[in-house]
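Data first, discussion second: the structure below is written as C-alpha cells.
Please treat every number below as a calculation from the coordinates, not as lab data. Owing to the predicted nature of the structure, the values given are computational and were not obtained by experimental measurement. Backbone-built Cβ (ideal geometry, glycine too); neighbour counts: all protein chains shown.
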C-alpha cells in the first residue's frame, strides 16, 4: 500500500455524523514483546512475614536511626533532561512506523491528551452521556498509558486486578490473576478500546506541543508535532502521573559502549541470555525486573542507593468459583472497588483481603478502640508506631531469606512504611542467594561513574554488556504544563512557579477555562487505587460539561478565592501527615516539594465532601 493510500485511510468521514474518524493505531514493533508478572509461590515461608518483635516502639533511638538514613542521602538524587543525545531514551520501541496522515486544522468539542485508563474511562462516560465529538491525542502507538510504556519482564499491578481494572462488568471480563501482569492489563486496555470505539477517535504517535486559549473564540487551539492546529471547546489532560521517565545523571554515561535503555522503553531486541547485565535502581520497577532477568543472564549486578520495603505478595490465580459466580453478580467489581476505598491503611489496601472485598466479612481487621478520641498528632504517632512494627517485620524477613549477612544488611530499609512506594514480591529477596546475582551497595550517594566498559564504584569496575536504568519517573511532573497557555498568555507552569501550585479539586486552575486535569497535583477522590480516582474524575468532567450545556453557556472556570482556599487546605493536609512521609522519595520531590504541591493527602472522603459542597452551592464556579 502506497503512502498516499495509507494517508487517505488514516482519516475518513463518518457518513452518519460527518465527523472525522481515525485509523492511526500503529503495528506492534516485534513479537518478542511478551512476558509475565508475579509468579505463584508455593513456599509458605516466602509468603509470610516474621512476627513483630515484642515491645517494638518507634522511640527516640529508632527515630534517630531513620533520620541518619535520610540525611545521608540528601541531595544525592540528580536527573537529566531527556533531550539531545539522551532523547533516544524516549523513543517508542514498542510500535512500528507511525501511520502517515494529513495534518488536521478543524474543530471538535472535547480534546483529550492521553490514551491510558483515564482517557478510556472518560470516553466511555462521555459517550454514554451523549458527548461524541471527542478526540484523543496520544504520543504512543496504542492505548494503555503507563501499561503501554512499561512492558519490562515481570511487570504487574500492585493493586488487586479485580478492583483495579475498570468497567469489568461492562466488558464481561474476569482477570486471570489477583495481581494482573502488565501484559494482561495492556491487552485489556486494547479490548476496551475496540469494544467502545475508542480507536476511531484517537490520533496515535501525536504529541501535543502547545495548547493555547483563544478568549475571543472561547476555544483552545491545540498544536502537535504532526503539524495539527485543532480547535476544541474543552481540553482534558489525561496523560498520567508516572509517564515521563527519569534518567539518573551519572558522569560518563554517554561513553558506555554496550546496550543501554530505561525500563519504560524495554528493548526486546537486546537478548539478555548469557550477558553481563547491570541495573541501576531498586525501586518498584527493579523489584519486579530483577527476579525475571536473573533467570537468563550470565551475571547480574544490582546497583542500589536506597533499599525498598519488600513485603509479601502471595499471588494467586482466579478460582473456578470466581469465574463462575462473579459475572452473575450485579456490580461485583464496583462493589469490590468501593470496599477497597474504605481501607485507610495503604499496606492493608494493597494486600487486598479477599473475604472483606468480596463482602463475606464486615471488617478487614479488628479495629483498635481508644478510651478517648485522639488528637491529630496522637493519630500520626499511633500510625508511626504501627508502621514501625511492620518495617521491623519487613527487615526481619530480609534476614530470614537472604543468606549473606552483608547483603541482607544493605537490603534493609529505614524509613516509615509507605514513605517510599511499598513493593511486594516473594522472589526478589531469594534472588540474591543465587551465585551469579550481586548486590552493589552504592549508598548513600549512588552510582557516580560510568565508562565505556561499565560502572565504576569505590574503585571497582563492573564490566557490563547491557546497562538498564530503573531510575523511575517524574511524579506529577509539571513539564507538560508548560505547553498550556491560558488567559493573558501565561502558562500553567508559570502560574504555579510564581504563585505555587493552585487548583480547585485538582481539576481546574483559575484563568484556564474549559481545561480539566485528571489525576494531577492536588487531585483526590480515591485512596490507593488510581482507577477509582480516574473514575471519579471522569464523572466530574461529565457533570461539568452537562452543566455548561444545560445553562447554554460556553465556558467554565473557577474563582481565585476558591482555588486559594483549596490550595491552602491541600498544604495543611500535607503538613499534618508529613511525618508519615519523612524520607526522600518522589512522593515529596526527593524532599524539595512545597507542602500541598503534589498529591492530595486529605483522604478520599474529604475530597468528595468538598466536591459535593461545590456542586451544591456552585459558588466556586464561573460559568459564562
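Using the Cα gyration tensor of the stretch 409-466, with a ≥ b ≥ c the square roots of its eigenvalues, what is the shape: rounded (a/c below 1.5), prolate (a/b larger than b/c) or oblate (neither)?
oblate
Does the stretch 385-489 classify as rounded, prolate or oblate by the C-alpha gyration tensor (a ≥ b ≥ c root eigenvalues; a/c under 1.5 gives rounded; else a/b over b/c gives prolate, otherwise oblate)?
Because a/c hits 1.5 or more and a/b fails to exceed b/c, the stretch 385-489 counts as oblate.
Quick check on the stretch 262-412: what are the equivalent-ellipsoid semi-axes from the Cα gyration tensor, as sqrt(5λ), descending, whole Å?
35, 26, 14
Determine which residues of the stretch 48-84 fall in the zone a paramagnetic label at residue 386 would reach in this model, i.e. backbone nitrogen under 20 Å from the point 7 Å along Cα→Cβ.
Only 49-59, 63 pass the distance filter.
At q = 0.13 Å⁻¹, what base-10 log of I(q)/I(0) does the Debye formula yield for the stretch 151-305 when every alpha carbon is treated as an equal point scatterer in vacuo?
Per q value, in the given order, log10 I(q)/I(0) is -0.89.
With runs of 4+ DSSP H residues as the only contributors, calculate the mean residue ellipticity of the chain at 222 nm using -39,500 (n - 2.57) per run, divided by the residue total and rounded to the nearest 500.
-9000 deg cm²/dmol
For the stretch 145-203 and the stretch 399-424, what is the centre-to-centre distance using only Cα atoms, to the nearest Å?
31
Give the average over all directions of the projected area of the C-alpha convex hull of the stretch 564-624, one decimal, in nm².
Mean projected area of the Cα convex hull: 5.0 nm².
Per q in 0.15 Å⁻¹, report the Debye log10 I(q)/I(0) for the stretch 488-624, using one uniform scatterer on each alpha carbon and no solvent.
Here the Debye-derived log intensity ratios amount to -0.73.
Per 10 Å bin from zero, what fraction in whole % of the C-alpha pairs of the stretch 13-131 is there, up to the bin with the longest pair?
Each 10 Å bin holds this share of Cα pairs: 8, 16, 21, 21, 18, 11, 5, 0.
To one decimal place, what Kirkwood hydrodynamic radius in Å is obtained for the stretch 109-231 from all pairs of distinct Cα atoms?
By the Kirkwood definition, the hydrodynamic radius is 15.5 Å.
Sequence gap at least 6, Cα distance under 8 Å: using those rules, report the relative contact order of the chain to the nearest whole percent.
Rounded, it is 19 percent for the chain.
Given axes a ≥ b ≥ c from the Cα gyration tensor, I'd like to know whether the stretch 91-158 is rounded (a/c under 1.5), prolate (a/b larger than b/c) or oblate.
oblate
Separation between the residue 498 and residue 321 pseudo-spin-labels, each 7 Å from Cα along Cα→Cβ, expressed in nm?
Inter-label distance under the simple model: 6.3 nm.
What relative contact order, as a whole-number percentage, does the stretch 123-244 give when Cα pairs under 8 Å and 6 or more residues apart are counted?
The normalised contact order for the stretch 123-244 reaches 27 percent.
How large is the Kirkwood hydrodynamic radius of the chain, counting all unique pairs of alpha carbons, in Å?
For the chain, the Kirkwood estimate is 25.7 Å.
What ranking do 517, 556 get, fewest neighbouring Cβ atoms within 10 angstrom at the top?
556, 517
Using the alpha-carbon atoms, what tilt in degrees (0 to 90, nearest 10) does helix 60-73 show relative to the longest principal axis of the chain?
In the chain, helix 60-73 runs at an angle near 60 degrees to the longest axis.
Where the centre of each part is set by its Cα atoms, how far does the stretch 60-128 sit from the stretch 550-564, in angstrom?
For the stretch 60-128 versus the stretch 550-564, the Cα centre distance is 28 Å.
Given a Förster distance of 56 Å, report the FRET efficiency between residue 561 and residue 56 from their Cβ-Cβ distance, rounded to the nearest 0.05.
0.75
Please rank 423, 255, fewest neighbouring Cβ atoms within 10 Å first, as an exposure proxy.
Arranged by neighbour count, lowest to highest, 423, 255 become 255, 423.
Suppose we keep just the DSSP beta bridges with both residues in the chain; what percent of those would be antiparallel, to 5?
Given both bridge residues lie in the chain, the antiparallel proportion sits at roughly 45 percent.
Give me D for the stretch 167-237 in µm² s⁻¹, whole number, from Stokes-Einstein with Rh from the Kirkwood sum over alpha-carbon pairs, 20 °C and 1.002 mPa s.
D = 143 µm²/s.
Just need the relative contact order of the stretch 165-235 here, percent rounded to a whole number, with Cα pairs under 8 Å and 6+ apart.
17
What ranking do 487, 73, 330 get, fewest neighbouring Cβ atoms within 10 angstrom at the top?
With the sparsest Cβ surroundings first, the list reads 330, 487, 73.
Could you work out how far the C-alpha centroid of the stretch 426-445 sits from that of the stretch 290-333, in angstrom?
Cα centres, the stretch 426-445 to the stretch 290-333: 19 Å.
Which value, to two decimals, describes the C-alpha radius of gyration of the stretch 280-343 once divided by 2.2 N^0.38 Å?
1.73
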